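Quick notes on the structure that follows.
Just so it is clear, none of the values below were taken in a lab; they were calculated from the coordinates. Just so you know, these numbers come straight off a predicted model, no measurement behind them. Positions of Cβ are backbone-derived with ideal geometry, glycine not excepted, and every protein chain shown enters the neighbour counts.
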Amino acid sequence: MGQAPWWKRAIVYQIYPLSFKDSNQDGLGDIPGIISRLDYLKRLGVDVIWLSPVYRSPMDDNGYDIADYYSIDPIFGTLDDMKRLLNEVHDRGMKLIMDLVVNHTSDEHIWFKESKKDVHSPYRDYYLWRQEPTQVDSIFGGSAWTLDPTTNMYYFHLFSKRQPDLNWHHKPLREAIYTMVNWWLDLGIDGFRMDVIDLIGKNIDQMKFADGPYLHTYLKELYERCFEGRDIMTVGEMPGLSIERAKEITHGEHPLLDMVFQFAHVGLDEVPGQGKWVLKKLDLLEFKHTFETLQKMMHDGGWNSLFLSNHDQPRVVSRYGSELYRKASAKMLATILYGMQGTPYIYQGEEIGMTGIQMPIKDYRDLETKQIYDILKQKGWDERDIMRSIYAKSRDNSRTPFQWNRKDYAGFSTHEPWLSVNPNYLSLNAEDDQNDPEGVFPYYQKLIQLRKTHPIFDEGDFMLIFKDHPLVFAYQRKYQEKTITVIGSFSDQPITLDLSSLNLKQIIQTNDETVTLSPLMTLSPYYTAIFS
Ligand code: TEU
């Protein structure tokens, strides 16, 4: 067996640039701001930084609407800043991957501006135009078709109307994408997180979108033209892909992608088929079962990406843990997640246990939130129910500025930020947390080091224990002669567990030292431990 590729051993940290650190005091995070915090990430134990989009963009969807793939948006800095970031990251022995958003562009991309001019434009087929719209909803709500008055035809967009979908069936478009991808890779970046890449093989006339009929063909071409032979990592965001298909794509001699973001486990607190705004209480049994399937399925071939949160998902403490038991539950969730097999992802602020926010509707900035507010109003939803869903699920929950210290605006900026700072920054910020022996950050550091020193985390198999316990998530990992046991309580009440049959030797990491190992153990609220 050869040595595992570096990305299987890496800890990845996602930066959402608008909200990470502002260096020029305009209220917007930027690249020099990121550079000023690289030592913080290094101290945490991060190996790879995934940077959400920093390309030129009108920021309708905070950069996921790209107007020019080859330049950096002035909000964030310049291409020289980007090169400096890359060097500084590499100098610290870390790597950097960028976001590749090629299912769609901004409506301000030159391709789209040319495309809409007339039906004979050489760029017409870069996008999807039809005379008549079909019955398709965009993911943000409303029709996926918008009429453009210039030629009186409709263009297709699975996200906002300012994010027209690219037509991957058109070879010149694919060639232009490959040129761009190679340009960035030649510049020295270490790979890509690929935005909704499961959508590029769609056939809109057959109404097939995610995991469409041409997905494999185009991924293969992309792999052969851009990725093959390069020492990079690729992770495909694939919300519409089954676990079986995720395995196929990341499996085999020459996997098309190194790993996939799969979303089954983050869709469990919504009513199936009703979309994310129709809330449902999380059933821990379902949650455990989903992870079990993923872990077992990917164990012999394929590879998991371990994440609970990102810039689209609510803050984990507020979602699966408890704000009352903030530190305990933040540590518990991290332990459960990063005790599994796969590549760990940390979303900025998760490592200090940042929480969600509740604001008046006028203070939200996310286009999806604003759009859904109007749509649910029109549907006759009660204002309180709408806001309850928005508090629970708005993407702005995880986009509030990073809480660095107790200074104004949490030390993110000296200028009023583009999105409100969570008012809890006086008691929740990176500076205090790092100096707190009970802090979440020191706990993450320790957990990361533990993971890096014990191959069992990377290699071990996975077996759920206390499988039917509705409030405890527990599993064992076995590798060669060794076994570790990971236990996490999802309860705000003490829970007594009979551990006598497990043959536990000692506690190697825990969020509560006062609980001692015994055959009949009473776990404190949101207790977690790893046992050898
Ligand atoms: O997200 C794709 C996606 O399908 C979802 O995560 C979606 O944004 C969310 O569920 C809506 O509630 C990616 C990006 O991560 C997201 O930020 C972008 O808005 C989207 O693609 C379009 O580029």
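A few points about this structure:
- Protection proxy ranking, highest mean first, for peptides 17-23, 474-480: 17-23, 474-480, where packing is the per-residue count of other beta-carbon atoms within 10 Å, averaged.
- Loop-resident trypsin sites (Lys or Arg not before Pro) (DSSP state other than H, G, I, E or B) in segment 381-447 with no more than 15 further Cβ atoms inside 10 Å of their Cβ: R406, K407.
- Projected onto their three principal axes, the Cα atoms of segment 461-531 cover extents of 36, 25, 19 Å, largest first.
- Beta bridge orientation in the chain: antiparallel %, DSSP, nearest 5: 60
- When only alpha carbons are used to place a centre, segment 278-346 and segment 485-532 end up 19 Å from one another.
- Compactness of segment 400-532 - radius of gyration and Dmax, Cα, Å: 18.6, 58
- The alpha carbon centroids of segment 445-484 and segment 200-262 are separated by 29 Å.
- Near L100, once Lys and Arg are set to +1 and Asp and Glu to -1 for all other residues with Cβ below 12 Å from its Cβ, the sum equals -2.
- Cα gyration tensor shape for segment 1-71, rounded if a/c is under 1.5, else prolate or oblate: oblate
- Electrostatic tally near L450: other residues with Cβ closer than 13 Å to its Cβ, Lys and Arg +1, Asp and Glu -1, net +4.
- Top positive-direction residue, dipole computed over the chain with Cβ charges, set L100, V515, L376: V515
- Restricting segment 173-237 to GluC sites (Glu not before Pro) in coil, as DSSP defines it, with at most 12 other Cβ within 10 Å: E228
- Straight Cα distances below 30 angstrom link K379 to the lysines K161, K202, K208, K276, K280, K281, K362, K370, K393, with same-chain residues fewer than 8 positions distant left out.
- Degrees, to the nearest 10: 171-186 long Cα axis against longest axis of the chain: 50
- Label-zone membership for segment 224-257, site Y178, 7 angstrom Cα→C-beta point, backbone N under 13 Å: 224-228
- Cα convex hull volume per residue for the chain (Å³): 145
- Distance in nm between pseudo-label sites at Q274 and L187 (7 Å out along the Cβ direction from Cα): 4.5
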